[in-house]
Each structure stands twice: as C-alpha cells, then as structure tokens.
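The values are calculated or read from the model by the stated rules, or taken from the named source; none is laboratory data. What you are looking at is a predicted structure, and each value in this text was computed from that prediction instead of being measured. Every residue, glycine among them, receives a Cβ derived from its backbone with ideal geometry; neighbour counts consider all protein chains shown. Protein only, heavy atoms only, side chains kept; ligands, DNA and RNA dropped before computing areas. Shrake-Rupley method; radii C 1.70, N 1.55, O 1.52, S 1.80 Å.
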2 protein chains.
Amino acid sequence: MFDYKLLLALAAVVEQGGFERAAQVLGLSQSAVSQRIKLLEARVGQPVLQRSTPPQATPLGMRLLNHVQQVRWLERDLRRVVPALADSQQPERLRIALNADSLATWWAPAVADFCAQQQVLLELVVEDQQVGLKRMRAGEVAACLCAAERPVAGARSLALGRMRYLALASPAFMARYFADGVQRTRLAQVPAIVFGPDDQLQHRYLAALGVHGHFNHHLCPSSEGFVQLALAGLGWGLVPELQVRELLAGGELVELLPGQFIDVPLYWHYWRQGGALLDGLTAALRDYGQTHLHAW
Amino acid sequence: MFDYKLLLALAAVVEQGGFERAAQVLGLSQSAVSQRIKLLEARVGQPVLQRSTPPQATPLGMRLLNHVQQVRWLERDLRRVVPALADSQQPERLRIALNADSLATWWAPAVADFCAQQQVLLELVVEDQQVGLKRMRAGEVAACLCAAERPVAGARSLALGRMRYLALASPAFMARYFADGVQRTRLAQVPAIVFGPDDQLQHRYLAALGVHGHFNHHLCPSSEGFVQLALAGLGWGLVPELQVRELLAGGELVELLPGQFIDVPLYWHYWRQGGALLDGLTAALRDYGQTHLHAW
C-alpha cells in the first residue's frame, strides 16, 4: 500500500495553501511536512508540488490528490458501517466548484440541512463552467455545478433546473438613457455590466434584439458587486431573478424590456464512485431544484 | 516612437481575453491581430504573450501594457485641453483591483456619479491585497483598494477609512450550538465560514477570545455566498456591518458576542502620474469614505 502519511502531507499543503498552515493542521513541524513531500517526490520520481505561493500540485500531484480524495470517500462509507473505525470526530470536507450566481442565491438553503445533519464542511470554489469541469477531471473537486451537460469520464451529470436571468437597471439609469423608452439602436452605447470575459449573457440578450458586435460595458466579477453596480445606476445587466425579487418588488431595479429573459440550465456533476455522502448531497440538491428552480 | 498599432493589438488580446474578441473590438481580422502580435515580438525579440486560454501577458508584455495604459492617461488629459483631438466617443476604461467585500457593499454608490459624469467604464478585478498590489506593480491595474498601507514605487496610498466586521450567525445556528450561551471552548468545534486561505478575520476573532489553532470551517470565496451560508445556518463568520444592516435589524442574523468586532483599514493605491481621471476618482472615494466609512 501507499504510504498515506506522505499523501496526506501533500493534501494538507495544497488544501491549506502553504507549508506553515499544513503543519498546524497536521500537528507537525514545518520541516517534517517538507520532509514528507520530498520523500514522496523521491518515491514517485517527479515533483508533486510547484513551490509557488500558494503551492500548487503538479499534474502528477493532482492525480495523487484525486486518489486521496477517493480513498477518503471509501473510508467515510466504511466508518458508517463499522463505527468503531471512526478515529476522530472530525467533520468530512467536500470540495465543490460552482458558479458565482448559484452561490449568491439558492445554494446555501439547498444544502444547509444536509450539511448540518451529516457534519459536512464545504470547501467551495467559484469557477466558470470550463474551469469547474477541468478541476473535476483533475480530481480537485468532488462535484461541480455548471451550465454544461456533458459529464467528464467517471462522473454523472444531473439536470437540477434552470435559473432565470432578467435584464435590469435602476430607475435613474433608465431616466438618464432611456427617458423615451428603450431604443434598441442605443443599447450598444449605454454602459452594460458584464461578469467577466466568459459571461456571454449580455451578448446573447443583445443578439436576440438584433444588436451585434461590441458594446460598452463595465467588468465586475462579483455577483453581489454586479447588483450593487446596477443599483447605483452604473449600467444594465442580466441578474438572476432569485437574487433581486425584493429589489424588483420595491422598484429599486426595473426590467429593461419586460418579458425578455434568458434561462440558464444548471447541471450537477458528481463522481459515480463518490460514496454515500456525495449521493446524499446529490439527492438534497435534486429535491431542492424540483421545488425552487424553473423546470425544464 | 513605438508603433502603437502593435501595442494596442497586445492590449486588446489581453483585455478581451482572446484573439477573436480582440479582432472584433479592433475591427480587424483575427489573422491581422495575430500578425501584429508576431511583429511586436519580432521587434522586442521576446514573446509578449503566453498562448494560454485566455492569453496572458509575459513579464515583458506586462511592462508594455503598463506603458500603453500610461500613454492612454496622458492622451485623455490632453484631449480635455484640446478637444479637437478626441477621435471617438469611446468612454475611457479604468482597471481597478479591489477586495470582494468593498465591491459587495459601498464601492458602487461611491463611484457611480463620477463614472456617469466622466463616461468611465470600470474593469474590476477582485483580489486579496497581496495580489492586488502585485498587479499594481506590474502595471496591470490603474489603482488598487486593499488593507495594506505601503504603496508600490511610483504610487501613493490614501487612507479612506475602516470597514467594521461583526461575527454573525443565524438564530437557528445559535439555538443548535449555543442554546446556553456562547461557550468559548466550543468555538473551534462549531462550523465557521472562512472566505479563503488568506482570510484571517475568523482566526483573529478567535485569537482575541483566547482560542488558538485549527477550527472547523467552510471555505466560501464569495461575499454574497458567505452571507447566504450564514443565513442558512451553515456557520458563523465575520461579515461587513454595511452588508447586513437590514438582516441584523430584522433578526435574521445575530451577533455571536455583541460588542466584539474587527475593524479593517482600507487604503486606496493609485499611480502618482495616473492623470486627471484617476485623480478625480481618488477625490470621489476620499469624499465618500469620510462620510460613509468608519473614521481612523
């Protein structure tokens, strides 16, 4: 069998983002952690870590981490059957990649009961879908929530529902730029808000109205910041309906063109052999999606 | 003089995150953009771009981008004096690194009027302070908002005020874990929420209570997600008072230990030779901070 002391040292350095914190968590000296990493590298004959700040796993290191994660899941399931094996009261950690807008809206209430009952700690990673699935493939995360359906090898994808996005702006913004109604020809000149280079929602919205090519926009890679920019009248943008129900009801944000929206599908990607814990979380998300997200 | 056509092609590829979008913005074919980058590399004798997805500037490329940015600022100031030079109605872009919590709370109302009046588009980058200042040094951003005071060479730092953080949890969380009052000895066992590996606020809060070392926590790198996790009862954590005034007033979140808080200073870092536009934004932030942030 592998020497799991060495693999756990690698996992701790990557999860904690450094040797010092890894040493604290493992209850070792920093030089002992460093020694274990060197020994591991001697055994596998290649570097497992890039000594950057924070240290990052090499491709080989990632494969080792993927293995550690799978062994942890198997152990967790075993402990459930043979409680005497539980050597500590440490809660389990689940590392999950998800899109920023889900995290800003429905994610927490969907998983809260499950996490409390199962004593699960979440390690959330906010990523757009390509990167999320890449992390999944590298074994860096146990699951991934994104808009792409196709699962990576060894994983399943489950359709949870759709998130509805409305194009919104503040009343002051509308009065400033569109006092006589929204003229489609001016839409490319007035400032929009875009989450980041991969956010194509505003492009799709404009394209549906026949507006193509470049349009003026702020870039704001934060769900909450996006809404704050819209509220302050800096621009218009597509925002999850779930995030702004009260602001819409109170008239603090208004629809650019009522009735025009974009629905984005949400798929939950999870390892087929991810263990009972991941299966339980998957069931909780499926149930929540059926009652709280838009249906297919 | 440099051939600015070539430098602008580099800037467009990096700013737009790819050759295709850069070509759209510049109104060129993709191969023309590619040609200009190759020509630039031939002139400087080194690669200026890593051909990754998205393409990233090499250290030399970054220095060239820094130069382009400074020339743009000078041009903008010149256009103000010689309006006939304004060759387009294109709004100016300002690239700014800032911390997630400022963006989620006071940033947008502080800059909204200035951006509308000056026709400025913001390109916001969310970074913790070390990375924000590193981007500043590399000339990737025009300014940086963070908790560190010391400016990089060529820049100034201005104290804007302090953000107050309160340790909060949901009433259900308090009832579950602290029905008989908050026992400090149990604080390391009940789940906390931590923004990321560099977020030491929870550590500092616990240390002030005499609790040292490892504590159970979720990781959630999103300001809004952080509040959602707290609201759903997944954990306790330090949240900007500005972000949760209504939730506190409505009793949806409560203080762990009333009267215990952490104040975090906010410094605005900006280039000394950043031009009139950056000076104007700096003045707007100084004024807003004086009336809306905690004083020193």
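Distance from the Cα centre of region B:177-251 to that of region B:253-295, in angstrom?
So the two Cα centres are separated by 23 Å.
Looking at the protein assembly as shown, send over the antiparallel percent of its DSSP beta bridges, to the nearest 5.
DSSP beta bridges in the protein assembly as shown are roughly 60 percent antiparallel.
Once the label point is placed 7 Å from Cα along Cβ, list for A:R176 the distances to the corresponding points in the other copies, in nm, shortest first.
Its label point is 4.3 nm from the equivalent points in the other copies.
Which whole-number percent is the relative contact order of region A:126-204 (Cα, under 8 Å, 6+ apart)?
The normalised contact order for region A:126-204 reaches 18 percent.
How large is the convex hull of the C-alpha atoms of region A:157-198 per residue, in Å³? Display every interim value, and only then the final one.
Values: hull volume 5.4 nm³, N = 42.
So the per-residue hull volume is 130 Å³.
Magnitude of the Cβ-charge dipole of region A:163-262, K/R +1 and D/E -1, about the Cα centre, nearest 20 debye?
Around 260 debye, computed over region A:163-262.
Counting Lys and Arg as +1 and Asp and Glu as -1, what is the net charge of the other residues whose Cβ lies under 13 Å from the Cβ of A:E149?
Counting the neighbours of A:E149, the net charge comes to +3.
How shielded is B:204-215 by partner chains, expressed as the average number of their Cβ atoms within 10 Å of its Cβ atoms?
That average works out to 1.
Could you list the GluC sites (Glu not before Pro) in region A:102-196 that lie in coil according to DSSP, counting only those with at most 13 other Cβ atoms within 10 Å of their Cβ?
Numbers: sites: A:E123, A:E127, A:E140, A:E149; in loops: A:E127, A:E140, A:E149.
Sparse-neighbourhood loop GluC sites (Glu not before Pro): A:E149.
Count charges around B:E92 for me, please; just the other residues with Cβ under 10 Å from its Cβ, Lys/Arg as +1, Asp/Glu as -1. Intermediate values should be presented prior to the final figure.
Numbers: positive: B:R72, B:R76, B:R79, B:R93; negative: B:E75.
So the environment of B:E92 carries a net charge of +3.
Roughly how big is the A-B contact, given as buried accessible area in Å² (both sides, 1.4 Å probe, nearest 100)?
3400
Report the local net charge at B:L231: Lys and Arg +1, Asp and Glu -1, summed over other residues whose C-beta lies under 13 Å from its C-beta.
My count for the surroundings of B:L231 gives -3.
Going 7 Å from Cα along the Cα-Cβ axis for the label, what nanometre distances separate A:D77 from the same residue across the other copies?
Computed spacing set for this position: 6.6 nm.
Pick from A:V71, A:V25, A:V33: which is most flexible by mean-square fluctuation in a GNM of chain A where alpha carbon atoms under 10 Å apart are linked?
A:V25
So if I restrict to the alpha-carbon atoms in the protein assembly as shown, what is the Rg, and what is Dmax, the biggest pairwise distance, in Å?
Expressed in Å, the Cα Rg and Dmax of the protein assembly as shown come to 24.8, 82.
To the nearest 20 debye, what charge dipole does region A:1-83 have about its Cα centre, counting +1 at the Cβ of each Lys and Arg and -1 at the Cβ of each Asp and Glu?
Computed charge dipole of region A:1-83: roughly 80 debye.
Among B:T282, B:T105, B:T58, determine the one that fluctuates most according to a GNM of chain B built with springs between C-alpha atoms less than 10 Å apart.
Judging by the Gaussian network model, the answer is B:T58.
In deg cm²/dmol, rounded to 500, what helix-only [θ] at 222 nm does the protein assembly as shown give when every DSSP H run of at least 4 residues adds -39500 (n - 2.57) and the total is split over its residues?
Here the helix-only value at 222 nm equals -13500 deg cm²/dmol.
Charges at C-beta only: +1 for Lys and Arg, -1 for Asp and Glu. How large is the resulting dipole of chain A about its Cα centre, in Debye rounded to 20?
On the way: 27 positive and 26 negative charges, 174 e Å.
It comes to approximately 840 debye.
Efficiency by 1/(1 + (r/R0)^6): what FRET value for A:A175 and B:A42, r their Cβ-Cβ distance, R0 = 60 Å, to the nearest 0.05?
0.70
Name the shape class, rounded, prolate or oblate, that the alpha-carbon gyration tensor gives for region B:163-264, where a ≥ b ≥ c are the square roots of its eigenvalues, rounded holds for a/c under 1.5, and otherwise prolate holds if a/b is larger than b/c and oblate otherwise.
rounded
Taking the Cα centre of the protein assembly as shown as the origin and placing charges on Cβ (Lys, Arg +1; Asp, Glu -1), which of A:L256, A:V71, B:Q118 is farthest toward the positive end of the dipole?
Farthest along the dipole direction, towards plus: A:V71.
Taking just the alpha carbons, could you work out the radius of gyration and Dmax for region A:1-89, both in angstroms?
Using the Cα atoms of region A:1-89, the pair Rg, Dmax is 13.6, 41 Å.
Which single residue of chain A puts its beta carbon nearest to the axis of rotation relating A to B, and what distance, in whole Å, does that give?
A:E224, 2
Enter the angle in degrees (range 0 to 90, nearest 10) between the Cα long axis of helix A:59-81 and the first principal axis of the Cα atoms of chain A, meaning the one along which they spread out most.
Around 80 degrees separate the two axes.
If I take R0 = 30 Å and measure r between the Cβ atoms of A:T58 and B:K134 in this structure, what FRET efficiency does the formula 1/(1 + (r/R0)^6) give, to the nearest 0.05?
The value I calculate is 0.85.
Could you pull the copy-to-copy label distances for B:Q119, with points set 7 Å along Cα to Cβ, in nm to one decimal and sorted shortest first?
6.2
To the nearest whole number, what is the average tally of beta carbon atoms from other chains within 10 Å of the beta carbons of peptide A:234-240?
Mean partner shielding for this stretch: 2.
State the answer as a single residue: which of A:A32, B:V14, A:L187 lies farthest towards the positive end of the charge dipole of the protein assembly as shown, with beta carbon charges of +1 for Lys and Arg and -1 for Asp and Glu, about the Cα centre.
A:A32
How high is the relative contact order of chain A, given as a whole-number percent (alpha carbon pairs under 8 Å, six or more residues apart)?
Averaging sequence separation for qualifying contacts and normalising by length gives 21 percent for chain A.
Kirkwood Rh and Cα-based Rg: tell me the resulting Rg over Rh for chain A, rounded to two decimals. Walk me through the numbers before you get to the answer.
On the way: Rg = 22.8 Å, Rh = 21.6 Å.
With Rh from the inverse mean 1/r over Cα pairs, Rg/Rh is 1.06.
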